[in-house]
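Throughout, read-outs are computed from the coordinates displayed, never taken from laboratory work. Since the model is a prediction, treat every value here as computed from it, not as a measurement. Here the Cβ positions follow ideal geometry from the backbone for every residue, glycine too, while neighbour counts run over all protein chains shown.
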Amino acid sequence: IAGITQAPTSQILAAGRRMTLRCTQDMRHNAMYWYRQDLGLGLRLIHYSNTAGTTGKGEVPDGYSVSRANTDDFPLTLASAVPSQTSVYFCASSDTGHYGYTFGSGTRLTVV
Amino acid sequence: QKEVEQDPGPLSVPEGAIVSLNCTYSNSAFQYFMWYRQYSRKGPELLMYTYSSGNKEDGRFTAQVDKSSKYISLFIRDSQPSDSATYLCAMRTYTGGFKTIFGAGTRLFVKA
């Protein structure tokens, strides 16, 4: 089934630990994005990649890093997790010239 | 002031009612307007997108954009319990790079 796969589905993480959220798409979309969704704040862009080999910072990039080694994969790494990074994380992708995004099902992360 | 404002609700209506969901925005550079539907514990899915002012209809859904008032709406006719979800508006501009801003979402409950 074409779409975006995110892993893990949920995770409880101790503060200070390092964690990588995985995102893979099979639609050959050029652009990929990481958002966090918090109650009352909506979706906020963390990092994005317009094409393989390039990345950019979004609205809330601090504490997060990404890489885009190929078209399909866009992992998000929390170097040293803090409780304020407790959120639901969504990976999304879009095709060139198309303004809508395809989202994954999300990763629910709790940092304790 | 947020660039995009959306009433979080919840909005509760009886089955068969006409639903009106709205967003206001402050950035006149927004050119593309989208509505996403998000079911509980799922990722958002693109429902409709429009360019500039006017109406666009797709089945029971109508998206309306009034750029002069900086106001967009989504109307749902003959609402069904399966329409119960959170609806997010999103707006996109290309000014020195693409920028998409999401509203915080309105929770809708359609009662059978």
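Here are the numbers for this structure:
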quantity: Most mobile listed residue (A:L39, A:L13, A:L76) in chain A, GNM with C-alpha springs under 10 Å; calculated: A:L39
quantity: Of all DSSP beta bridges in chain B, antiparallel share, percent nearest 5; calculated: 90 percent
quantity: Pairwise label distance in nanometres, B:D78 with B:Q31, each label 7 Å out on the Cα-Cβ vector; calculated: 3.7 nm
quantity: Neighbour-count ranking [beta-carbon atoms within 10 angstrom, fewest first] of A:R22, B:R37; calculated: A:R22, B:R37
quantity: B:M91, A:M32, A:M19 arranged by Cβ crowding within 10 Å, fewest neighbours leading; calculated: A:M19, B:M91, A:M32
quantity: Chain A - percent relative contact order, Cα under 8 Å, separation 6 or more; calculated: 36 percent
quantity: In nm, spacing of pseudo-spin labels at B:S69 and A:A52 (7 Å Cα→C-beta vector); calculated: 4.8 nm
quantity: For the protein assembly as shown, with +1 on Lys and Arg beta carbons and -1 on Asp and Glu, the positive-most of A:H29, B:A90, A:S87 along the dipole; calculated: A:S87
quantity: For a label point 7 Å along the Cα-to-beta-carbon line of B:E5, residues of region B:55-76 with backbone N under 19 Å; calculated: B:65-74
quantity: Efficiency of FRET from Cβ geometry, A:L41 and B:S52, R₀ 41 Å, rounded to 0.05; calculated: 0.90
quantity: Directionally averaged shadow of chain A, computed from the convex hull of its alpha-carbon atoms, nm²; calculated: 6.6 nm²
quantity: Potential lengthening between A:M27 and A:S80 on full extension [0.36 nm per residue; Cα-Cα distance subtracted]; calculated: 15.9 nm
quantity: Label-to-label distance, nm, for residues given as B:A112 and A:T96 (7 Å Cα→Cβ offset); calculated: 4.8 nm
quantity: Net charge dipole size for the protein assembly as shown [Lys, Arg +1 and Asp, Glu -1 on Cβ; Debye, nearest 20]; calculated: 400 debye
